[in-house]
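The values are calculated or read from the model by the stated rules, or taken from the named source; none is laboratory data. Here the structure is a predicted model, which means the values were calculated and not measured. Here the Cβ positions follow ideal geometry from the backbone for every residue, glycine too, while neighbour counts run over all protein chains shown. Just the protein is used for accessible areas: all its heavy atoms, side chains included, with ligands, DNA and RNA removed. Shrake-Rupley method; radii C 1.70, N 1.55, O 1.52, S 1.80 Å.
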Amino acid sequence: MALVKPFIYQIVGYQNSGKTTFIVKLIQALKNQGIKSVTIKHHGHGGRPDVIPQKDSSRHLEAGALAALVEGDGRLILQADESFLTLDEQIRFMAYFHPDIILIEGHKKQSYPKLLILRNENDLELITYVNNIKAVIVWTHSLIEVVREQLGVPVFHIQEDSAVAEVSEELIKLVQ
């Protein structure tokens with residue numbers, strides 16, 4: 001049984017490291033085991049995230065609404081402007097959906113348990129300031145032993161199918 005419900009797990013790494021691809025596979029694996037997840041993604045590219053133009057909800061925001069909610073056939077879409085929620089506030093908001101786990105993409109400096117993705121040797125600096133690392137995925141085989149020696153956590157190559165399976169198994173144990 002998880003100590004905290006919902007359980008929070010982060011996937012972190014630099015831009016274009018494969019975070020979104022891994023999260024999509026992880027969500028699918030968790031869903032196949034009956035685990036409900038929600039996600040929070042940090043838009044780290046600068047500026048505001050894109051919204052779909054010319055849709056009614058976007059037009060509402062352009063007219064000055066702080067938030068626009070669209071619901072249809074079980075799908076809910078929320079867009080909000082001038083809403084500077086902290087990560088803790090975002091977590092409380094997403095907890096409304098009663099997930100078993102909240103997956104956070106990004107927010108490297110937070111202290112939740114996390115998977116770190118490293119593309120190359122230049123990314124090794126992340127090990128020095130990212131904390132609570134529970135597993136690592138690397139893009140180059142030469143990093144596997146280096147990371148294992150420094151952290152003592154499971155390390156997977158980006159092409160290993162077992163990475164998603166093993167991480168999802170560990171998360172399932174924590175949320176049940």
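Taking the conditions exactly as written (in contact with a Lys or Arg (Cβ under 7 Å, 6 or more places away or on another chain) and in a strand (DSSP E or B)), does GLN79 satisfy them or not?
Working: in contact with a Lys or Arg (Cβ under 7 Å, 6 or more places away or on another chain): no; in a strand (DSSP E or B): yes.
Against the criterion (in contact with a Lys or Arg (Cβ under 7 Å, 6 or more places away or on another chain) and in a strand (DSSP E or B)), GLN79 does not qualify.
Which of the residues spanning the stretch 1-39 are among the aliphatic types (A, V, I, L, M) and either within 24 Å of TRP139 (Cα to Cα) or assigned to a helix (DSSP H, G or I) (or both)?
ILE11, VAL12, ILE23, VAL24, LEU26, ILE27, ALA29, LEU30
Can you pull out every residue in the stretch 6-42 that is open to solvent by 50 Å² or more (accessible area, probe 1.4 Å) and either of a type in the set (S, T, N, Q) or out of contact with any strand residue (DSSP E or B) (no Cβ under 9 Å at 6 or more places or on another chain) (or both)?
GLN15, ASN16, THR20, THR21, VAL24, LYS25, GLN28, ASN32, GLN33, GLY34, THR39
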